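Remarks on the structure that follows.
Read-outs: derived from the displayed coordinates by stated rules, not from any lab. Here the structure is a predicted model, which is why all the values come from computation and not from measurement. Glycine also receives a Cβ, built like all others from the backbone with ideal geometry; neighbour counts cover every protein chain displayed.
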Amino acid sequence: MKKNVIKVIQPKGGKFNQRRQFLKLSGLALVGTGLFMACSNDDDVYTPPEDDVFDLGAGDLGVLNYAFALEQLEADFYTKVVNGSYWSGANPTEKQLLLDLYNHEVNHRDFFSAAISAAVGNNTAAKLPTLEFDFGSVNFNDRNQVLATAKVLEDTGVSAYNGAGRLLSNPDYLVLAGKIVSVEARHASAIRSVINPNSADFAGDDVVTIDAGLDLALDPSEVLSNVVATGFVVTEFTANSLP
Amino acid sequence: MNIIKFLDEFTTEKLISDTTSRREIFGTFGSLGKKAALAAIPFGLATMPSRTYAQSSGDPVSALQLALTLEYLEDEFYELALQSGVIPSGRSQIVYQQISQHEAAHVEFLKAGLQGAGVTPVEKPTFDFTAGGAFDPFNDSGVGQEAAYAQLLALSQAFEDTGVRAYKGQAGNLQGSQFLTPALQIHSVEARHASEIRRLRGLNGWITRDQRGLGMPEATQPVYNGEENVIQGGVNVTNLGDGSPFTIDASTQAYDEILTGDEAVAIASLFIVP
């Protein structure tokens, strides 16, 4: 495999400022940074995004697209994990654990894909397309980096589903989200436990409030700005109709 | 309100009648799981009465009272566990202390929430964690430190996995109320606990098929019945693709299932002195 090269790419005149403005105004835009992109060869050029950026939509469909985006991110991450050298050389326990996470997240991703297709019917333009990711900043040969990134993604998933439950109108979607979020929480706990085995980190005070024992719950705008901060998502999309 | 009266009222099918003996409850416990709802939920929901799946009472207060009952149970269990001297120092002690703090906080949080809504919280029941002599998790009857610890871990696993499924089963009843988000926030904490307790026992953090896992007493099987479901939203998730993510094992691990209120009550009732 060719070694990834991190290049600093200067956005074309004024683009950067416009994009920053865009983020600031909506507070919801999910944008690849455009500053640091992994390129497989030196000939890659920066391609400005299309003008018609996908918006997740409103209501139940918006939430399903939102969940689909997060599951795509997780599935893509674990796909790279199980193709990396840390995983191939990991001890059997960690290897199985990460393979399980890969399995579950790919299943979740493809489930949402099927569910949204069923929900939108002929209106296929309302379904979030396949997103492009760039984990250029993560060294998949390094245990600590893989586990630390997994922890962030799993905790993010928990916070996202917990915060999005109230946005769902259909009780069946709510139960489905519940079926998935508890598995994300099991993942988060296990990854935290692997990182720091003899500790309370599995449900640490950094994620569970001490006074009430409540886990994270964040609105889509907060989750997406956290995701933007990772720089992992290349494909732009917006969430203008979600809080 | 008296806990038994509450549970009785909650249990719409009158699973636990006044005349039911504890032994009969065990029998009920054993057969209950078989009818665990595996209703398929098509995404074309217009064709489907929405009440067929969501827990049907639609009553947030009953849902919270059930949650409080389960939290009372967990809270007292962990407190007694920490006092018993059965838990080894080190990782186990740290884990149990953290969980115990959370369960105590959940009890107070739910009581305050109910009171804030003008509702009297259900009273704390009297618990019997031996389930009529079947277990000795705190080594009170001298089963021995090692056996007691094994039972204590097994009961923890059963309680946490029950908690996850029970909260999930009440989500529909809390929908549209201010309690939905906090209940979800508790639900995922229970899942974090469940994962760690299972890992302490040498299992995976997630549930495969309807397997209760190595060393779990058969009496805990109703906690796991129904977890073998692979139909999500009307979609058989084993058919979504090829390869390891779509095996039956992976497809059941990836989704936790609900317990109905009746099922959760039946499990909790095993440990409540009538």
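A few notes on this one:
- Net +/- balance of residues flanking A:Leu99 in space, Cβ distance below 12 Å, scoring K and R +1, D and E -1: -3
- Other-chain or far-sequence residues with amide H under 5 Å of A:Asp55's (modelled H): A:Thr238
- Relative packing of peptides B:96-103, A:194-201, A:94-101 - highest average C-beta neighbours within 10 Å first: B:96-103, A:94-101, A:194-201
- Modelled label positions at B:Asp242 and A:Thr130, each set 7 Å beyond Cα in the direction of Cβ, lie 1.6 nm from each other.
- Fully extending the segment from B:Ala117 to B:Ile231, taken as 0.36 nm per residue of separation minus the present Cα-Cα distance, adds 37.3 nm.
- Counted by Cβ distance under 13 Å from A:Leu224, the other residues give a net charge of -4, where Lys and Arg count +1 and Asp and Glu count -1.
- As a rough footprinting exposure proxy, the listed residues B:Glu196, A:Glu132 were ranked by other beta carbons within 10 Å of their own, and the order from fewest upward is A:Glu132, B:Glu196.
- Distance between the 7 Å Cα→Cβ label points at B:Leu82 and A:Asn123: 5.2 nm.
- Alpha-carbon centroids, region B:259-274 and region B:143-161: separation in whole Å: 18 Å
- Cross-link pairs exceeding 21 Å in C-alpha to C-alpha distance, out of A:Lys80/A:Lys151; A:Lys95/A:Lys151; A:Lys95/A:Lys179, comprise A:Lys95/A:Lys179.
- Between the amide H of A:Phe133 and those of A:Val234, distances stay under 5 Å, these residues lying 5 or more places away or on another chain, with hydrogens modeled in the peptide plane.
- For region A:98-228, a/c is not less than 1.5, where a ≥ b ≥ c are the root eigenvalues of the C-alpha gyration tensor, and a/b does not top b/c. That puts it in the oblate class.
- The mean number of Cβ atoms from other chains found within 10 Å of a Cβ in peptide A:88-99 is 1, as a whole number.
- Local electrostatic count, A:Val234, Cβ distance below 9 Å [Lys/Arg +1, Asp/Glu -1]: -3
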